[in-house]
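Quick notes on the structure that follows.
The values are calculated or read from the model by the stated rules, or taken from the named source; none is laboratory data. Just so it is clear, the structure is predicted and the values come from calculations on it, not from any experiment. Methodologically, a virtual Cβ is constructed for each residue, glycine included, from the backbone with ideal geometry; neighbour enumeration extends over all protein chains shown.
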Amino acid sequence: MEFGWNAQQRRRYDAALAAARQQLPPARATPGIDPGVWRVLGEHGLLGAAVGPEYGGGGLGALDTALLFEAFGRGCEDTGLVFSAAAHLFACAMPIAEFGSPALRERLLPAMCAGRSIAANAMTEDEAGSDVSVLATLATPVDGGYLLNGTKSFVSNGPAADVLVTYATTDPAAGHFALTAFAVERGSPGVTVGAPFAKLGMTSCPASEVEFAGVFVPYDAVLGERGQGSVVFQESMLWERTCLFALFIGLQDRLMDQVVAHAGKRRQFGRPLRDFQSVTNRIVEMKLRLESSRLLLYRACWSIDSAEPDVLGSALSKLAVSEAALANAIDAVHVFAGRGYRSEYGIEAALRDAVGGTVFSGTSDMQRQIAARELGL
Ligand SMILES: Cc1cc2nc3c(=O)[nH]c(=O)nc-3n(C[C@H](O)[C@H](O)[C@H](O)COP(=O)(O)OP(=O)(O)OC[C@H]3O[C@@H](n4cnc5c(N)ncnc54)[C@H](O)[C@@H]3O)c2cc1C
């Protein structure tokens, strides 16, 4: 068992952390992706980290990819931007790389890896949230492909997307077995993307509805095969539940740096806060949550890299990291108290950003359900 990082991982992490601190913008309240900033993420290898080098990706494994997102999550205060990059890679580029036809990969992936195009994952619908077996979006077979009709209700990156990885049913009565995955290009006639909606956290990541009204999708834009949509989605969720959440490990590292510094600097009753055990106990609890969730995440990554995907380990990792990030952000507000509640220290933004992690990629309740099922309960 090896817990240390090798020299290459350390170098890559340090370079990514420095780039995130020096080259990326501060947190933004307005939704939108700056094309120049997106190119910078592409240049630093974030957008195609786990995609094969033949398509312009970094060819990294899950653990090395996660370490990169950990560095960006720590160094970049604009968590919405890092989340946009993660959704683009794990829920879009990876399913295209793993299930797309050679022509489709050739057409889409180089621009996605380089930061010349933005992708969004469109699964959730008004009536299909935690239960994605009941999609209303229809895929009707026609000559040369399918016609898509339906509306997706929560699409991160949607307003800015050039490529939409989406899922539709060929038979609403057949549940999971009738789902098919598609990579739809934004310019296709019939695609309408809504205006960004207001949301609690990760505010710079634009999210909207996406409507497909009689959108023709050729056969070569199908990911996997007809009826394999559920498998494609589960595989992309395995990447997302495992690697994406490394950005929330980085966010917690940033909070730890801030609370430790604040506890040494801020004085009350003539002493620094670190002299009060109730403050240091709170910070130690934060560290415990961070390090235990980090270990679960690294192990889940290791299982992907070992070609032994561990559904239980990935659900536990997602649950632990997202809940730890939320609890630690609340504790950071308590350590900073009035200052934590004000916007200028970035602590309240981290709290708002952390809430979403317990909802997307399957809520905490759903991770517990998956874990219970894997335990044979
Ligand atoms: C920040 C953010 C980004 C997102 N980005 C995307 C995106 O890019 N693409 C996309 O397709 N979707 C996206 N979503 C949507 C997200 O995937 C859904 O919100 C999520 O799957 C939950 O679905 P729902 O909101 O309909 O909640 P519901 O399914 O209605 O759940 C409501 C509550 O009931 C609980 N619940 C439901 N079923 C069960 C059950 N069987 N057992 C126990 N409890 C249950 C849930 O845990 C939850 O607490 C995003 C959401 C957020 C917050």
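I need a count of the residues in the stretch 76-125 that are more than 15 Å from the ligand (Cβ to nearest atom), in a loop (DSSP other than H, G, I, E, B) and not hydroxyl-bearing (Ser, Thr, Tyr).
Of the residues in the stretch 76-125, 5 are more than 15 Å from the ligand (Cβ to nearest atom), in a loop (DSSP other than H, G, I, E, B) and not hydroxyl-bearing (Ser, Thr, Tyr).
Among the candidates Asp126, Asp143, which residue alone is within 30 Å of Leu351 (Cα to Cα) and surrounded by fewer than 19 Cβ atoms within 10 Å (Cβ to Cβ)?
When all the criteria are applied, what remains is Asp126.
Test Arg352 against the criterion of being closer than 23 Å to Gly80 by Cα, within 11 Å of the ligand (Cβ to nearest atom) and among the charged types (D, E, K, R), and give yes or no.
Yes.
Just one of (1) within 14 Å of the ligand (Cβ to nearest atom); (2) in a helix (DSSP H, G or I) trips up Asp131, so point out which.
Only one criterion is unmet by Asp131, namely (2).
Please find, within the stretch 181-214, the residue that is nearest to the ligand (Cβ to nearest atom) out of those that are within 23 Å of Met94 (Cα to Cα), in contact with a strand residue (DSSP E or B) (Cβ under 7 Å, 6 or more places away or on another chain) and among the aliphatic types (A, V, I, L, M).
The residue in question is Ala207.
Could you tell me whether Gly338 is away from the ligand (no atom under 15 Å from the Cβ) and not hydroxyl-bearing (Ser, Thr, Tyr)?
Against the criterion (away from the ligand (no atom under 15 Å from the Cβ) and not hydroxyl-bearing (Ser, Thr, Tyr)), Gly338 qualifies.
Six or more apart or on different chains, Cβ atoms under 6 Å: show the pairs whose first residue is in the stretch 84-98 and modelled with pLDDT of 95 or more and whose second is among the acidic types (Asp, Glu).
Within 6 Å, the pairs are Phe90/Glu240; Ala91/Glu240.
Within the stretch 136-149, can one find any residue that is in a helix (DSSP H, G or I) and of a type outside the set (Phe, Trp, Tyr)?
no
Check the stretch 174-184 and report whether any residue there is of a type in the set (Gly, Ala, Ser), surrounded by 18 or more Cβ atoms within 10 Å (Cβ to Cβ) and free of Cβ contacts under 8 Å to residues at least 60 places away in the same chain.
Yes, the conditions are met somewhere in the stretch 174-184.
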